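Trainee: Please find one structure pasted underneath; my questions will follow.
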Amino acid sequence: MDINKINVVYWEGSKLRKEYESSLGPERASKKIEVITYKLLESIRRKDIDAFCQNLIRAFLEVEKPIPDVFKDVLTDKAFNRIAYAFVMGLNGRIKGDTQS
């Protein structure tokens, strides 16, 4: 598993969170991200790559952003869990110095 891929996926999650915050506002975005997170976590727990991809696609379509190429690796990568968890952590993480809580 390439650590660079993990980092890229983490940052894609973080960027998606920021897109939700800018389009919905912090409070509504937080609620929406919580729903998305639970759906993604359930698909990871079940090792259901199809459900993960379906929820991922919906999440990006909702903010009208293209799906990053790195996610095509989720379809074949044996490290699906690591890639998926990195995205969820980025989606829910806060970067040091971020002013929103």
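The values are calculated or read from the model by the stated rules, or taken from the named source; none is laboratory data. Fair warning: this is a prediction, and the values are worked out from it, not measured in the lab. Virtual Cβ from ideal backbone geometry, glycine too; neighbours counted across all protein chains shown.
Trainee: Taking Ala29, is it of a type in the set (Gly, Ala, Ser) and farther than 15 Å from Leu91 by Cβ?
Mentor: For Ala29, the condition - of a type in the set (Gly, Ala, Ser) and farther than 15 Å from Leu91 by Cβ - is not met.
Trainee: Within segment 19-29, track down each residue that is of a type outside the set (Asp, Glu) and surrounded by fewer than 17 Cβ atoms within 10 Å (Cβ to Cβ).
Mentor: Across segment 19-29, the qualifying residues are Ser22, Ser23, Leu24, Gly25, Pro26, Arg28.
Trainee: Moving on to the next point. Could you grab me the full set of residues in segment 4-59 that are hydroxyl-bearing (Ser, Thr, Tyr) and without any contact (Cβ under 8 Å) to a residue 24 or more places away in the chain?
Mentor: Ser22, Ser30, Tyr38
Trainee: So which residues in segment 39-56 are under 12 Å from Phe80 (Cβ atoms) and of a type in the set (Asp, Glu), if there are any at all?
Mentor: Within segment 39-56, Asp48, Asp50 qualify.
Trainee: In the list Leu56, Leu91, Leu16, Leu61, which residue meets the criterion of being assigned to a helix (DSSP H, G or I) and loosely packed, with under 15 Cβ neighbours inside 10 Å? Break it down into steps so the answer makes sense when it comes.
Mentor: Working: Leu56 fails: loosely packed, with under 15 Cβ neighbours inside 10 Å; Leu91 fails: loosely packed, with under 15 Cβ neighbours inside 10 Å; Leu16 fails: loosely packed, with under 15 Cβ neighbours inside 10 Å.
None of the others qualify; the one that does is Leu61.
Trainee: Oh, and also: Answer with yes or no whether Tyr38 is on the phi < 0 side of the Ramachandran plot, in a helix (DSSP H, G or I), surrounded by 18 or more Cβ atoms within 10 Å (Cβ to Cβ) and among the hydroxyl-bearing types (Ser, Thr, Tyr).
Mentor: Values: on the phi < 0 side of the Ramachandran plot: yes; in a helix (DSSP H, G or I): yes; surrounded by 18 or more Cβ atoms within 10 Å (Cβ to Cβ): no; among the hydroxyl-bearing types (Ser, Thr, Tyr): yes.
So Tyr38 does not fit the description; no.
Trainee: Being at pLDDT 95 or above and either surrounded by 17 or more Cβ atoms within 10 Å (Cβ to Cβ) or farther than 25 Å from Ile3 by Cα (or both): is that true of Lys32 here?
Mentor: Criteria met by Lys32.
Trainee: If you don't mind, another one. Given (1) surrounded by 15 or more Cβ atoms within 10 Å (Cβ to Cβ); (2) farther than 20 Å from Ile3 by Cβ, identify the lone condition not met by Lys47.
Mentor: Only one criterion in (1) surrounded by 15 or more Cβ atoms within 10 Å (Cβ to Cβ); (2) farther than 20 Å from Ile3 by Cβ is unmet by Lys47, namely (1).
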